[in-house]
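Remarks on the structure that follows.
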Amino acid sequence: MIKKRYFPIDKNFKSNFLFKFFLLIGVILLLIFIIIKVTALFVGEDSTGFVKQIYDFSQSSFPNSILAFSIITLAVAVIFYFFYSQFVKLAKIADEIEKEDDFDDSIEK
């Protein structure tokens, strides 16, 4: 007799963890970008010292790179969320089929 194997969605497919991970990284990078740009608004071009370095940093291409990576990680998070939702639907379908098989087996006996 063949033993049925049940793969719970939360234990075997890591798409939920990866969704949360990439979402967290994307939001953190987005917050860093926003903080850099907001501080540049308050700092000004005619500042001196460390504050001038902050302004120069905000005018470089690095904050735009942070924004690009943020958008990429958020898109990857959406893709993993889609995978997770599809795995949940498949697990529900598999449970329904398994219940029908158990019901059919009990009727035959």
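The values are calculated or read from the model by the stated rules, or taken from the named source; none is laboratory data. Keep in mind that this is a model prediction, so the values were computed, not measured. Using ideal geometry, Cβ is built from the backbone for each residue, glycine included, and neighbour counts are taken over all protein chains shown.
Are any of the residues in region 58-69 among the aromatic types (Phe, Trp, Tyr), touching a residue at least 12 places away in the same chain (Cβ under 8 Å) and within 30 Å of residue 15 (Cα to Cα)? Yes. Counted as qualifying within region 5-83 are no helices (runs of 4 or more DSSP H), as none has 3 or more residues that are modelled with pLDDT under 80 and charged (D, E, K, R). Taken over region 36-76, the criterion of being among the charged types (D, E, K, R), surrounded by 12 or more Cβ atoms within 10 Å (Cβ to Cβ) and farther than 26 Å from residue 24 by Cβ is satisfied by 52, 56.
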